[in-house]
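This report refers to the structure that appears directly beneath it.
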């Protein structure tokens with residue numbers, strides 16, 4: 001009987017360790033849209049988003065660790081105004097010919113219990129890399145109601161200065177401060 005108890009204890013320990021292992025998720029580009037808001041001439045807020053985003057998330061809630069790598073196709077910018085999008089793609093703004101991607105790579109994660117609360121990392125845009133902290137405003141993991149696959153989703157936000165990334169066109173009449181809002185869903189591999 002003692003052998004059986006030891007065997008079950010070892011199996012339980014191994015199973016517990018496996019459950020606590022890091023999980024890898026692939027960003028679902030159909031449900032992930034980084035967006036931005038910037039003051040337009042002091043009259044209104046101009047909004048836009050990027051339609052093509054890929055990436056990977058490694059999440060270990062038990063150890064309170066997360067690694068995030070995201071790549072945004074800068075040419076996928078979408079404001080609803082074709083003429084504005086052409087201008088945003090040129091050298092005045094994103095210069096997509098020379099800098100086709102925007103990337104974020106995390107360097108640290110903060111948790112509140114088992115909930116991811118913030119990601120610190122490096123944002124690279126137009127060849128300039130700056131530290132950015134993303135506040136995780138909402139974070140939920142669970143089985144997808146239709147596919148039954150494990151999914152995590154989040155809403156994240158941060159504020160940056162576009163001039164820090166060499167985007168200085170029309171300053172100060174077009175705002176320097178840019179609010180980032182990111183909705184993301186990722187499916188466990």
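Nothing in this text is a laboratory measurement; each read-out follows from the coordinates by a stated rule. The model shown is predicted, which means the values in this text are computed figures rather than measured ones. Positions of Cβ are generated from backbone atoms using ideal geometry, with glycine treated the same way; all protein chains shown enter the neighbour counts.
To the nearest 500 deg cm²/dmol, what mean residue ellipticity at 222 nm is calculated for the chain from DSSP H runs of n ≥ 4 alone, each contributing -39,500 (n - 2.57), summed and divided by the residues?
Taken over the chain, the calculation gives -4500 deg cm²/dmol.
What is the helix-to-structure angle for 2-19, meaning the angle in degrees between its Cα long axis and the longest Cα principal axis of the chain, kept from 0 to 90 and rounded to the nearest 10?
Computed tilt is about 0 degrees.
Between residue 56 and residue 87, how high is the FRET efficiency from 1/(1 + (r/R0)^6) when r is the Cβ-Cβ distance and R₀ = 25 Å? Nearest 0.05.
0.20
Pop a pseudo-label 7 angstrom from the Cα along the beta-carbon direction at both residue 150 and residue 170 and give the gap in nm to one decimal.
4.5 nm
Using only alpha carbon positions, build the gyration tensor of segment 88-176, then give the equivalent ellipsoid semi-axes as the square roots of 5 times its eigenvalues, largest first, whole angstrom. Can you show the working numbers first?
Working: eigenvalues 198, 51, 29 Å².
Equivalent ellipsoid of segment 88-176: 31, 16, 12 Å, largest first.
Would you kindly work out the equivalent ellipsoid of the chain from its C-alpha gyration tensor and give its semi-axes, the square roots of five times the eigenvalues, largest first in whole Å?
Rounded to whole Å, the semi-axes are 40, 16, 14.
Just need the relative contact order of segment 22-188 here, percent rounded to a whole number, with Cα pairs under 8 Å and 6+ apart.
This gives 25 percent for segment 22-188.
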